[in-house]
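Read the structure below first, then the notes.
The values are calculated or read from the model by the stated rules, or taken from the named source; none is laboratory data. Quick caveat, the model's predicted, so the values are computed rather than measured. Virtual Cβ from ideal backbone geometry, glycine too; neighbours counted across all protein chains shown.
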Amino acid sequence: MNKTDLIKSIAGKTGNKEIVCRQMVKAMMETMEEELDKGEGIVLQGFGSFRLWAQSPRMGRNPRTGAACPIAPRISVRFKAGKDLLKKLNK
């Protein structure tokens, strides 16, 4: 499912127009980006949580040449599924 499919599904379930659902999804994504950019985690009770984590610098390997190359450190996001989501998936 991509973002367009998600918007159509939300519109079908809520009875709202797709344009309204598109605005809601966009606002939700922007809000989540802003909070993660501040360094805050996001917890959606029962669904899961998004947390920042710092990847350390490491040596990688170019798959084409086999030559070693450094991979710079960066900030990434981890998602941990919540209990309710896991129960639904593992019924």
Could you tell me how many of the residues in the stretch 48-67 are polar (S, T, N, Q), at pLDDT below 95 and surrounded by 10 or more Cβ atoms within 10 Å (Cβ to Cβ)? 1
Being of a type outside the set (A, V, I, L, M, F, W, C) and within 30 Å of K87 (Cβ to Cβ) is the filter here; which residues of the stretch 31-66 pass it? T31, E33, E35, E40, G41, Q45, G46, G48, S49, R51
Within the stretch 40-53, is even one residue without any contact (Cβ under 8 Å) to a residue 24 or more places away in the chain and over 15 Å from the mean Cα position of the chain (by Cα)? no
So the check is Cβ under 8 Å with 6+ separation or different chains; which pairs have a first residue in the stretch 1-19 that's free of Cβ contacts under 8 Å to residues at least 40 places away in the same chain and a second one that's basic (K, R)? I7/R22; A11/K17; E18/K8
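For every residue, the table says whether it meets (1) modelled with pLDDT of 95 or more; (2) outside any strand (DSSP E or B); (3) not polar (S, T, N, Q).
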{"residue": "I19", "(1), (2), (3)": "yes, yes, yes"}
{"residue": "Q23", "(1), (2), (3)": "yes, yes, no"}
{"residue": "M28", "(1), (2), (3)": "yes, yes, yes"}
{"residue": "G39", "(1), (2), (3)": "no, yes, yes"}
{"residue": "G46", "(1), (2), (3)": "no, yes, yes"}
{"residue": "C69", "(1), (2), (3)": "no, no, yes"}
{"residue": "K91", "(1), (2), (3)": "no, yes, yes"}
